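Before any comments, here is the structure.
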Amino acid sequence: MKKYIGVLLIATVMLPIAAAAQEKPTFVEARGSVKPVRLPPGGATPRMPDGKPDFSGVWFEGPTGKANAWSVDREQGPPEDPIPWQPWAAEKRNAMTRVDLELSSASVNCMPVGTPGMFTENAFAHQIMMKPGLMIHLVEMNNRWHVIHTDGRPHKPQEELEPLFYGDQTARWEGDMLVIDSISIDTRAQIRDGWFHSDALHVIERLRRPSANYLEYQLTIEDPKVLTKPWTSPWNTFTLSANNEDLTENFCTNNENVEQLRKLYETQKP
């Protein structure tokens, strides 16, 4: 009888353990402790002496006017159309592993992000300074900056073009919206999330400031060697720094990520 009771006891104890072993572990993503508070509009759009909108200021992606790393809510951007990959490009992109994606990142490799990565591949604060005919864009990471003429001048002649991370850029005003046109972009420049491109990449970026605290950004990607048609993003929101802060020094130094990721890549080879 004692033996029977002992077996029953063991079975009773082991049943929950066996059941738990059969359950798949639940992955819970760690979140922060701050509930994001949306900035108010902040008043009318500031303007330069020539009457055009002034985009000057320190900006954060999202609606809070600060970095959202500690938000309790998952960041969700506006819905967007799928990327119109050509079949071979879709196959290549779908075959990329998480390690492949990390190794293709400019930040991991301490490389420039280029165009349009300055807006699409930056988790850091942006600073824009403007005057009539000129826009200067800085990012708080790896000395990233570029200068854009906004007077509508044409691109350089074809024989003078060379592939550059930010490309040959020019901009024009369409009412209160600034349209930035970039060609001759280095194939190492970033779009986002492992989105590779060819030397035929043409990027059109649009900026508008509907109120003092808000900046809105949209881009169109044209790449006839990789895409079946142009792709246009939804409008994305940036907000003025709520704390009126400055950019801080932030350089990619003593980076061991690349070596570690390459070792991991070698272990994943079939």
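The values are calculated or read from the model by the stated rules, or taken from the named source; none is laboratory data. These numbers come from a predicted model, not from an experiment. No Cβ is skipped: glycine too gets one built from the backbone with ideal geometry, and neighbour counts run over all protein chains shown. Accessible surface is based on the protein model in full, side chains and every heavy atom, while ligands, DNA and RNA are left aside. Shrake-Rupley method; radii C 1.70, N 1.55, O 1.52, S 1.80 Å.
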Quick calc: nm separation of the 7 Å Cα→Cβ label points for E174 and E160 -> 2.6
Quick one: P(r) of segment 114-163 from all Cα-Cα pairs, 5 Å bins, percents rounded to integers, in order of increasing distance. 5, 16, 23, 20, 19, 13, 4, 0
Hey, if we sort K229, K52, K156 by accessible area with the 1.4 Å probe, largest down, what's the order? K229, K156, K52
Remind me, what semi-axes does segment 83-232 give for its equivalent ellipsoid, largest first in whole Å, using sqrt of 5 times each Cα gyration tensor eigenvalue? 26, 18, 15
So if we plug the beta-carbon distance of D151 and T248 into 1/(1 + (r/R0)^6) with R0 = 30 Å, what FRET efficiency do we get, rounded to 0.05? 0.40
In whole percent, and with a 1.4 Å probe on the protein chains, what portion of the accessible area of segment 142-215 is carbon and sulfur? 49
Could you grab the relative contact order for segment 191-251? Cα pairs under 8 Å, six or more apart, rounded to a whole percent. 28
